[in-house]
Every structure is written in structure tokens, then in C-alpha cells.
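The values are calculated or read from the model by the stated rules, or taken from the named source; none is laboratory data. Please read these numbers as outputs of a predicted model, since none were measured by experiment. As a convention, Cβ positions derive from the backbone with ideal geometry for all residues, glycine included, and neighbour counts pool all protein chains shown. In case anyone asks, the SASA skips ligands and DNA or RNA and just uses the protein heavy atoms, side chains included. Shrake-Rupley method; radii C 1.70, N 1.55, O 1.52, S 1.80 Å.
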Amino acid sequence: MKKLKSMTGEEEEDAAAAAADDDRPNNPFDALTEEIIHLILDRLGDDDPLAHKSFSLACKSFLSAESRHRRSLRPRCSDLLPLIPRRYPFISRLDLSLCPRVDDEALAALARSWSSTLRSVDLSRSRFFGHAGLSSLVANCAGLVEVDLSNATQLTDGAAKAIAEAKNLERLRMGRCKLITDMGVGCIAVGCRKLTLLCLKWCLRVSDLGVGLIAMKCADMRSLDLSYLPITEKSLQPVLKLRNLEELILEGCPGVHDDGLATLKESCPSLKVLNLSNCQNVSYVGLSSLTSEAQCLQQLILSYGSPVTADLGKSLHKFSGLQVVRLDACMVTCSGMKAMVNWSACLKELSLSKCVGVTDDCLSLLVQTQRELRKLDITCCRKITYASINSITSSCSSLCSLRMELCTLVSTDAYLLIGQRCQNLEELDLTDNDIDDEVLMSISRCSKLRILKLGICSKVTDDGLKHIGRHCLSLTELDLYRSMGITDAGIAEIALGCPALEMINMAYNENVTDAALISLSKCPRLKALEIRGCPYVSSIGLSAIARGCRRLTLLDIKKCYNINDNGMLSLAQFSPNLRQINLSYCSVTDVGLLALASINCLQIMTILHVAGLTQSGLAAALLACRCLMKVKLHMSFKSSFPESLISYIEARGCVFQWRDKVRQVEMDPKGWKLHMSKSPYGA
């Protein structure tokens, strides 16, 4: 009887549980098919890094669906690599550029996990792998079509031989693989016959022999970068026989000159892009030899090259399809530019940055015949005046990008014409020019403006910035470097009117305080913030930024003396995407630096003259920051750190940069330079 009662009790409990399940509301997501869920994931895109994460945390079924849907992956830390394949089983594109240490064992394990799906691998910023790891990668992933080995200075011909086994490889980048020789390149040429793109930039041991083998064996080549190689016309002869070649980059090749090019008997008819920048021994004679049959040429880059003469101008007339011409830093003659006036080509982009010799007369004549220009760069053309701007704005009303930094002879009234006539502008650089609030009011008519640079514009005030904030609602980048007339009120107008703002530079402005940062904290898309040399901002403002701008990836707070540990604690708590920071001269101690080291994404730090740090505190922070790729420290720490500590951190993939700078008292020691180095990780 007891047994019967027990069984009856269990049945009653089961019935009660079933009744409870029936009373629970149905999960509406359970009715969605995996196909519909994948369509939703396709629409999320990659703009918001938290979108996929939020989606996967909604419920277990979404977590599973997102894992199976993911095809592209960029791990934030090397330590996560062993765990990733379980979560994401179908990865086809793997970007390891945020993982400083990827050894042979790790690379082999990843290759085995995704052997049937992996098609593209980016190792451009990873170290410690060699030919063994690459052999495993190629052996396991037969479908591999793209590999980026740029900056792998440790690789030798053995690694090239391993890559040569990737028979289906189509795109290979080996920039700065300085130990690779003709023998390694020859192996790749024989093994990778399907190559369509090859970058050998700065592979200094590759000569005519290796390049010639590539040209003879890889008949489908479309893009070839031979920049800074010690090659001559001997290898260019077979290169120009490539019938599908569309892009040829010969930047900084000292062995390429007119006499050699004149002997060429071939010219590639399919060529669309030719880059001869920094080839000062190539004039119109050599150019004509290279392009005698290149009727399809669309882009021609001759920056930092020989003078632009009348002969060169005339030689361009045969390229009726040319759309982009860049002559940056070339000596331009008036006769050379006038020779381009009756040109039948319809240019979309013209770059004359730092060109000595550009005058009103020749520039005005040229733009009057190129009315379809979309991008124009006249940076540092110091001889042009109102006349040039008048011609540009009246002739090229479709301009979407105008760069004219340091055009010192252009009068204020000329800038008014930009807003009146070029209202399709998306990018405008007016750095270090004589502009005022009236100019900004005129420019505010350019409602599509996304990038605006107003650095070192001393006459610009909050009144002018107010017009930008109220009318240029699509603004994503604003540079106010050393524009001392701007205060918190102007920044507030920008923050209120431009919620899509992603980058702002307010460096070296004593009028900017925490109020400006609190205003900017309402811009949730902000990724890059430079407030170097703003002495009246403190941890209060920085904490507001950390809380409101969760996408922050790049931060420069050098010489913000009132930022202390409280600011670092806020960053550690609310800024998980922070990758680069400069906190030199700040009032941070060991506590703040250790908190900062807890950010998994942090890769680049500059820590100079931070008086509150101790040797042991700095060492502990460096050990805790496991994803660090580069750190800049004062030379005094090098002698005080144990050599074993430095070796251990370097073995994880971190590069030390030691500086012996004396503590600086003045606000802006380098004058007109924009100090913050742009990170490759900021987009």
C-alpha cells in the first residue's frame, strides 16, 4: 500500500507540473523559424558591436541561432582562441588582428576546428607563428582563398613554401615580410596559380627574379603591389604581359627610371590603376612607356615624383577614361597644368596637396574644364587666393570633398562661396585658415556634411559652431584642435544637434571643462575623443563620457592634470571597447592603472611622466593587461624592471617603446602638429 501511495503521489506531482506548464505564456520567439532568425541577423549589420550580443542574450534559441549564423569573427584576445570554435562552428572569415600572440599550436587548432568552412585569415598584427602553423592552416583548410601575413617580419622562405601548398589561394598580402626572398616567392608562384592579388610591399629581398616568376606563373593576377622593391624594368617586362592586370603599384621603386622603361615593348591594356608615387626618376617618358596601350586607365598616382611639366600634361590626354589623378607634393609648373586644360577626361578626384607652383591662373583654368569633380585636395597651396575658390565653387558644384588646409592667402569672403555654391559637401578641411563665424554660418548650408576640420581657426567661436550643430545633423567627425574661441556652450550645441558624432578633437583648449564632456556623453556613437592639454576637465567629465559613450575606442587625455583614478575606474566599468589611451601627465596612481588594465580590448597605452605610479604598480598593470600590443614608457622604467618581466610581456606579443623625454611644462611643445596617432583599430 505504501508503494502504491508513493506512485500515486508522483503521478499527482507530474500532473501538477504539467498544469503549471500549460498556464505559462508561450514564448513568441519559439514560433520563428531559423531562416527568419537568420534574416533578422543579416539586417543587424556590423555598425553596432553590441547588437549581435544583445540578440544572442535574448533567449537560448537566439543564442544557438546566432552562433550558427556567424560567419565572420574578430576575437578581442588571444586567450579566447581555444574557446571560440565551440561557440561559432561555421566561421569562414577569421580576423586575428587584435590577437598579438598566435603561435603555431593555436593556429593549427583553429585550422582543425574550421577545416571545412575557413576561407579567409588575417594575421597582419599577430606574431609568434611560423611555417609549422601555416602548414597546418593550409593542410586543414583546402578552401582557403585569402591570407594576410603583413608585418610578419619573422617569416622566412619556409613559411612561403608552406603557403605555396594553398592551391586555391586567390589573395595574399605579405607586406614587410623582410626575410622572404626570391626563393620563397618562387614557391608561391609555382604553387598558387590562382592568385589574383599579391602584395610584396617592403619585401626588400625580393628582386626581379621573384617578381618575374610571379608574372609568368600567375596569369590571373589583377592587383600587384611591388612598392619599395629593388626591381628594374627586367621584371616589369613580364608583369606588363599579364592580360588581366588592373592595379600595379610601384611606389618608391628606386630601380625604375626612364631609361629602363623606354626599353619596354609591352604595355598592359587592362590596367586601371597605376601608382608611381615616390618614383622621382620617372617622367612623362617612362610613364608613356608603361601606359602605351593602357586605354582603360582610371587612376594615376604620381605623388612625390618628378615635376609636372607641359610634356607630362600633354601625355595625359590619351587617357580619356582617367577619373583620379594625384600629384601630391610634386613641383607643378603653370605650363604643365595648362596643358591639362583641354583634356577630354572627366575627372572625379584631383589631389594637388603640397604642390609648389599652383597658382590662381592655372588652377582656375583647370577646374573650369573639370566640372564633374567630386573630390579636390589643395592643402598647402599657399599661392591661391579668392580667384581660385571662386572658380572652384562656380565650376564644381557637385564637390563632396574639399581639403584646403593652410591656404593662407585665401580671404574670409572667399569661404562664404563654399556654403553658397557647394551644398553637397560631405567633407571639408579648413584647418589653419582665416575663417570666422560668418563663414560657419554659410557652411552650415551644407546639410550633408559628415567631416569638418576647423583646427587652429582662432576666430571661430560658439556662435559659429551653433549654426553647424543646428543644420549639419549628419556630422560624424569634428576637429577643433587649438581653436581657442570654442567653449562648453559651442560643444553643447554640437552634442545636441549631431547625435551621430563619432570623433571630436578639442585638444589644447583651456575653455573646455567638464560641462563639455557631460554634453558629449549624450552622443552614444562617439568612438574617438581627444582632449589633450585641456587642463580644466576632470574625472567628473570623463566618467560621464564613459557612462554615455559605450563605443569609445580611442582616448587621449595627455596633460589633463585633474583626471585621476576615479576616471580610470569609470572607464574600466563602462568602456569595454577601449583600445587605445594616452594618459601621460595625468594624476593616475597604481589603483587607476590596475583598473584600466581590466579592459579586455585595451591594446595601446602611452604612459609618460605619470608621477603617481610606482614601479611595482606599473608592472602589475602590464601583467594584468593581457591583450596589450604596444606600450610607450619612460626609459627610467627599463632599467628598474627585471629583464625577465620585460621578456615575459614581450612573449605575449607586446612591443615596448622607450622614450627619454624630459617632463614638459609648456602646453603645446610641438606647435601645429596634431599629436594623437590614429589607431588602425578605431573603425
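State yes or no: is residue 225 touching a strand residue (DSSP E or B) at 6+ places or on another chain (Cβ under 6 Å) and in contact (Cβ under 8 Å) with a residue 24 or more places away in the chain?
Answer is yes for this residue.
Can you find a residue that is hydroxyl-bearing (Ser, Thr, Tyr), at pLDDT 95 or above, surrounded by fewer than 22 Cβ atoms within 10 Å (Cβ to Cβ) and not in a loop (DSSP other than H, G, I, E, B) anywhere in region 375-387? Spell out the reasoning first.
Going residue by residue through region 375-387, those that are hydroxyl-bearing (Ser, Thr, Tyr) are 379, 385-386.
Still in the list and also at pLDDT 95 or above: 379, 385-386.
Next cut, surrounded by fewer than 22 Cβ atoms within 10 Å (Cβ to Cβ) only: 379, 385-386.
Cutting the leftovers down to not in a loop (DSSP other than H, G, I, E, B) gives us 386.
Checking region 375-387: at least one residue is hydroxyl-bearing (Ser, Thr, Tyr), at pLDDT 95 or above, surrounded by fewer than 22 Cβ atoms within 10 Å (Cβ to Cβ) and not in a loop (DSSP other than H, G, I, E, B).
When region 388-440 is examined, which residues are found to be crowded, with 17+ Cβ neighbours inside 10 Å, among the hydroxyl-bearing types (Ser, Thr, Tyr) and assigned to a helix (DSSP H, G or I)?
Result: 388, 391, 393, 395, 415.
Surrounded by 19 or more Cβ atoms within 10 Å (Cβ to Cβ), touching an Asp or Glu at 6+ places or on another chain (Cβ under 8 Å) and over 20 Å from residue 232 (Cα atoms): is that true of residue 325 in this structure?
yes
Within the bounds of region 333-347, is there any residue that is among the polar types (S, T, N, Q) and at pLDDT 95 or above? Please lay out each step first, then the result.
Here is the first cut: in region 333-347, the ones among the polar types (S, T, N, Q) are 333, 335, 342, 344.
Okay, now just the ones that are also at pLDDT 95 or above, so none.
For region 333-347, residues among the polar types (S, T, N, Q) and at pLDDT 95 or above: absent.
Going through region 257-291 one residue at a time, which ones are under 13 Å from residue 237 (Cα atoms) and in contact with a Ser or Thr (Cβ under 7 Å, 6 or more places away or on another chain)?
Within region 257-291, 260, 261, 262, 264, 267, 290, 291 meet the criteria.
Checking the condition open to solvent by 20 Å² or more (accessible area, probe 1.4 Å), among the hydroxyl-bearing types (Ser, Thr, Tyr) and within 32 Å of the chain's Cα centre (by Cα), which residue from 303, 277, 270, 289 passes?
Checking each option against the conditions leaves just 270.
Just give me the residues in region 39-67 being surrounded by 13 or more Cβ atoms within 10 Å (Cβ to Cβ) and of a type in the set (D, E, K, R), in sequence order.
Once the filter is applied, which keeps residues that are surrounded by 13 or more Cβ atoms within 10 Å (Cβ to Cβ) and of a type in the set (D, E, K, R), region 39-67 yields 48, 66.
Considering only residues that are of a type outside the set (A, V, I, L, M) and within 17 Å of residue 643 (Cα to Cα), look in region 615-628 and name the one that is surrounded by the fewest Cβ atoms within 10 Å (Cβ to Cβ).
The extreme case among them is 616.
Quick check on my filter: what residues within region 241-263 are closer than 18 Å to residue 302 by Cβ, aliphatic (A, V, I, L, M) and either in a loop (DSSP other than H, G, I, E, B) or open to solvent by less than 20 Å² (accessible area, probe 1.4 Å) (or both)?
Scanning region 241-263 gives 248, 250, 256, 261, 262.
Pull up region 90-131, narrow it to residues that are in a strand (DSSP E or B) and touching a Lys or Arg at 6+ places or on another chain (Cβ under 6 Å), then point me to the one that is most open to solvent (accessible area, probe 1.4 Å).
Residues of region 90-131 in a strand (DSSP E or B): 93-95, 101, 120-122, 127.
Right, trim to touching a Lys or Arg at 6+ places or on another chain (Cβ under 6 Å) and you get 95, 101, 120.
Numbers: 95: 17, 101: 83, 120: 13 Å².
Looking at residues that are in a strand (DSSP E or B) and touching a Lys or Arg at 6+ places or on another chain (Cβ under 6 Å), I get 101.
Could you go through region 658-678 and let me know if any residue there is modelled with pLDDT under 95, closer than 24 Å to residue 545 by Cα and among the basic types (Lys, Arg).
yes
Only residues in region 416-441 that are farther than 18 Å from residue 398 by Cβ count as the first member; pair them with residues that are assigned to a loop (DSSP other than H, G, I, E, B) and among the small types (Gly, Ala, Ser), Cβ under 6 angstrom, at least 6 apart or cross-chain, and list the lot.
431/455
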